[in-house]
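The values are calculated or read from the model by the stated rules, or taken from the named source; none is laboratory data. Please read all numbers here as calculations on a predicted model, not as lab measurements. Backbone-built Cβ (ideal geometry, glycine too); neighbour counts: all protein chains shown.
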Amino acid sequence: MAALRAELLGSHPLLKRLSPEQLNRFARAGDVEIFHADEDVVVAGSLGDSLYLILSGQTSVRTVEGRTLATLGPGEFFGEMSLIEPALRSATVRAVERAEMFRLPHFAVANLLQDDPSAMNHILVAIVRALSQRLRQTNQLVGDVEKLADFLATSLI
């Protein structure tokens, strides 16, 4: 079963730099979970104690009020803050369609870091790159909103 999980996980961008042995170790540390359309994967306010890698399907990230913040699909992940420490979830993630995910609990990350720091280094660098890209996109959006506000303010005079 771990070999099948390792094969499935090998296509995820977060894990592509791992050796087959590292990938097998990673596959044994978590579980593949399936969520059906409109099923919550995690709920805002609940304890965030796992990282999720999306293997197939689509999910929506929603605020407590129900506003959609993002849509995530295969090759993406969420719950990365739980790698640092378990804390309350800041958003709800719901399956938009049938979605297959790999759940890696916080304690498993600690064990992997101790057992194979090199593998975790590859994973953490990939996470930081993805977070950096997300931050750049957010900064661009904020800049665009600011430009629009300036334009509207000057055009109404």
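A compact table of results
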item: Residues being out of contact with any Asp or Glu (no Cβ under 6 Å at 6 or more places or on another chain) and surrounded by 13 or more Cβ atoms within 10 Å (Cβ to Cβ) - total across region 77-91; result: 9
item: PHE107 being touching a Phe, Trp or Tyr at 6+ places or on another chain (Cβ under 7 Å) and among the aromatic types (Phe, Trp, Tyr); result: no
item: Region 1-16 - residue that is surrounded by 15 or more Cβ atoms within 10 Å (Cβ to Cβ) and not hydrophobic (A, V, I, L, M, F, W, C) and, of those, nearest to LEU131 (Cα to Cα); result: HIS12
item: Residues of region 35-76 that turn out to be among the basic types (Lys, Arg) and surrounded by fewer than 15 Cβ atoms within 10 Å (Cβ to Cβ), as a count; result: 1
item: Qualifying residues in region 24-50 (those that are at pLDDT 95 or above and outside any loop (DSSP other than H, G, I, E, B)) - the one nearest to MET81 (Cα to Cα); result: VAL42
item: Positions within region 98-157 being among the polar types (S, T, N, Q), more than 23 Å from SER56 (Cβ to Cβ) and either modelled with pLDDT of 85 or more or within 22 Å of the chain's Cα centre (by Cα) (or both), in sequence order; result: ASN111, GLN114, SER118, ASN121, SER132, GLN137, THR138, ASN139, GLN140
